[in-house]
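Okay, structure first, notes after.
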Amino acid sequence: MLITEKLGKTFRFPTAFTILFIIMLLAIGLTWLVPAGSYSKLSYNSDGNNLLVTSPYGDVTSVAANQDELEKLNININIDQFVNGTIRKPIAIPDTYQRLEQSPKGLGDVAESMVKGTIEGADIIVFILILGGLIGVINKTGAFDAGLVALSKKTKGNEFLFVALVSIVMAIGGTTCGLEEEAVAFYPILVPIFLTLGYDSIVCVGAIFLAASIGTAFSTINPFSVVIASNAAGISFTEGLGIRSFGFLIGVTVVIGYLYWYCEKIKKNPSFSYTYEDREEFRARFLKNGELDTEVPFTLRRKVILTLFAIAFPLMVWGVSVAGWWFPQMAASFLTIAIIIIFISGLNEKEAVEAFTQGASELVAVSLIIGMARGVNIVLEQGMVSDTILAYASDLVSGMHGSIFAVAQMFIFFLLGLVVPSSSGLAVLSMPIMAPLADTVMIPRDIVVSAYNWGQYAMLFLAPTGLVLVTLQMLDIQFNKWVKFVFPIVAFLLVFGSALLVGQVMMV
């Protein structure tokens, strides 16, 4: 009995690296068990202004880039979506799935796929390292400590208001511009604030990742999910906008209510916290000596430094949503601000360089996880597994009653979200196949787009191949504790999403 209790107390859930390694082995197993296959893929060649059709066997043929050729391929997408760059990735061509010779991967592919995944993720990795360097420089100036002391005094007695405001801002960012990977930029600055307000690491993730993700799940004009999915389905993204907007309001309300319940629980009883045993280590990681340095004055220089840092975030959102930025441009903007801050910080050259490199080094583990997660996707792609799962799924739901079809679609997208954890990648892969099935059961295609949104993002709250492990590694939260916290929201999204889908079908 004593031995069992001791083991229970000392057991710690595996780290993000171990979880991804296990998933990598499972992915390799799938390449042996799941029949290999592929759809023909269609892409636009801007150099020759033509469309390229790649067969499952790798043969490439060229056709004219016009609407007639798309119709011949049973693709109901406006040719302008290809020409103007809205659809950049190859899309699957309906009714072209072919079984292929099995391409199983082996243990020797583990390390190579991880390296290739890291190379593919170089853009976001550089962004994260530069962000870490910027945070390190600002920490060295004392600006964070001084600002947090001032903020804690102003929010005393209204602590949850700050949590709610952050959640609303993140949710709006998610529903409008797909604030996901970019959200990692907010943790280093917001986590110390949450700690000074008396909350734990789970609240930090809830107000940032969970709120942003619920916004993305109920995307209204998000170009990286609902817009590209609607385009790939051959409809305008405004179709179904009303029901998604309604869902967004309910979803954000539920998340804020859930966070309020949790915050009240840990305020009354700190031991209720799901990460209670890690609290001291967590505070020491984000606050010097586990507490704020209340002796640091909030000087004009420090106010200017924090203002420059704050400017980086609306600039990033504007760049992504309006100017077409991606990680190289976002990284460059953060690096520019870091350089400006170094010049006005009063730090000497050695102090500034050491602060930047120290800050970047603290996010190396996060960067490596991104590479490992992408390595899993590479294994599944090279093993020709993803298209086979999609083909089986489309056959499964074909011909169902409208309401059953819609809900079944959502759960299929829930499972596909684990195999293809990219919102835009899943949209262009699946929509040309799944959306036409809506015609056969006499329901609008926007219902399939909604099912894609709600199903995939319910999985992305949990999927280790997505951003979850990156976030948890950054805050050193065990995966099982996150699952315990987020499971009620996943259940809500699936149940509420099912109700909305059935309601949409009944209104047809």
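The values are calculated or read from the model by the stated rules, or taken from the named source; none is laboratory data. Fair warning: this is a prediction, and the values are worked out from it, not measured in the lab. Positions of Cβ are backbone-derived with ideal geometry, glycine not excepted, and every protein chain shown enters the neighbour counts. Calculation scope for accessible area: heavy atoms of the full protein, side chains included, ligands and nucleic acids excluded. Shrake-Rupley method; radii C 1.70, N 1.55, O 1.52, S 1.80 Å.
Observations on the model:
- Y276 accessible area, assembled protein chains, probe 1.4 Å, Å²: 70
- Principal semi-axes of the equivalent ellipsoid, √(5λ) from the alpha carbon gyration tensor of region 187-243, are 34, 10, 7 Å from largest down.
- Pairwise FRET efficiency - E381 versus Q67, Cβ, R0 = 30 Å, nearest 0.05: 0.50
- Taking every protein chain into account, the 1.4 Å probe leaves E349 with about 140 Å² of accessible area, to the nearest ten.
- Derived scalar couplings ³J(HN,Hα) [region 40-45; Karplus, 6.51 cos²θ - 1.76 cosθ + 1.60; whole Hz; x for Gly, Pro]: 5, 10, 10, 9, 9, 9
- Between region 121-154 and region 78-100, the Cα center-to-center distance that results, in Å: 41
- Violating pairs (Cα-Cα greater than 23 angstrom) within the set K154/K267; K153/K303; K153/K350: K153/K350
- Remark on G37: its backbone amide H falls under 5 Å from those of L100, T388, a criterion applied only to residues 5 or more positions apart or on other chains, H modelled at 1.01 Å from N.
- Computed extension length for K484-Q102: 133.7 nm, one decimal, from 0.36 nm per residue of separation with the Cα-Cα distance subtracted.
- In region 369-497 the Cα-Cα distances spread across 5 Å bins starting at 0 as 2, 11, 20, 21, 18, 14, 9, 4, 1, 0 percent of all pairs.
- Charge dipole (Cα centre; +1 on Lys/Arg Cβ, -1 on Asp/Glu Cβ; no other charges) of region 157-266 amounts to roughly 160 debye.
- Within the chain, helices built from complete DSSP H runs that reach 15 Å or longer along their own axis (Cα positions) and carry a mean Kyte-Doolittle hydropathy of 1.0 or higher are 16-33, 122-141, 159-177, 300-321, 327-345, 364-382, 402-419, 423-440, 479-506.
- Tensor-based shape of region 133-287 (alpha-carbon gyration tensor, a/c under 1.5 rounded, otherwise prolate or oblate): prolate
- Of all accessible heavy-atom area on the chain, the percent that carbon and sulfur account for (1.4 Å): 64
- For region 293-444, taking the reciprocal of the average inverse distance between every pair of different Cα atoms yields a Kirkwood hydrodynamic radius of 20.1 Å.
- Here the dipole of the chain is about 1400 debye; that uses its Cα centre as origin and unit charges on the Cβ of Lys and Arg (positive) and Asp and Glu (negative).
- Charge-dipole axis of region 1-123 as Lys and Arg at +1 and Asp and Glu at -1 on Cβ define it, positive-most pick from V83, G37, S113: S113
- 12 Å beta-carbon shell around I342, net charge (K/R +1, D/E -1): -1
- Theoretical ellipticity at 222 nm over the chain - DSSP helices of four or more residues, -39500 (n - 2.57) apiece, nearest 500: -21500 deg cm²/dmol
- Prolate/oblate/rounded label for region 1-143 (Cα gyration tensor, a/c 1.5): oblate
- Extension gain for T357-T440 works out to 24.1 nm (0.36 nm per residue, less the C-alpha to C-alpha distance).
- With R₀ set to 30 Å, the beta-carbon distance separating K268 from K303 gives a calculated FRET efficiency near 0.25.
- In a DSSP loop and with at most 15 other Cβ atoms within 10 Å, there are no chymotrypsin sites (Phe, Trp or Tyr not before Pro) in region 185-220.
- For region 1-144, the dipole from Cβ point charges (+1 on Lys and Arg, -1 on Asp and Glu) about the Cα centre works out to 900 debye, to the nearest 20.
- Across all Cα pairs in region 92-184, the calculated P(r) in 10 Å bins from zero up to the longest distance comes to 11, 19, 29, 19, 12, 8, 2 percent per bin.
- Using R0 = 30 Å, the C-beta based FRET efficiency linking L249 and N74 works out to 0.20.
- Extent of region 454-508 along its three principal axes (Cα atoms, max minus min coordinate, largest first): 47, 18, 11 Å.
- Length added when fully stretched, A150-R88, from 0.36 nm per residue minus Cα-Cα: 17.7 nm
- Volume in Å³ per residue [convex hull over Cα atoms, computed for region 199-327]: 166
- Coarse-grained scattering of region 304-391 at q = 0.10, 0.11, 0.16 Å⁻¹, given as base-10 log I(q)/I(0) from a Debye sum over alpha-carbon atoms: -0.45, -0.52, -0.85
- With DNA, RNA and ligands ignored, accessible area of L148 (1.4 Å probe; Å², nearest 10): 10
- Shape class of region 136-218 from the Cα gyration tensor (axes a ≥ b ≥ c, square roots of the eigenvalues): oblate, since a/c reaches 1.5 or more and a/b does not exceed b/c.
- Scaled radius of gyration (Cα, divided by 2.2 N^0.38 Å) that the chain gives: 1.01
- Coarse-grained scattering of region 50-208 at q = 0.16, 0.20, 0.21 Å⁻¹, given as base-10 log I(q)/I(0) from a Debye sum over alpha-carbon atoms: -1.03, -1.28, -1.33
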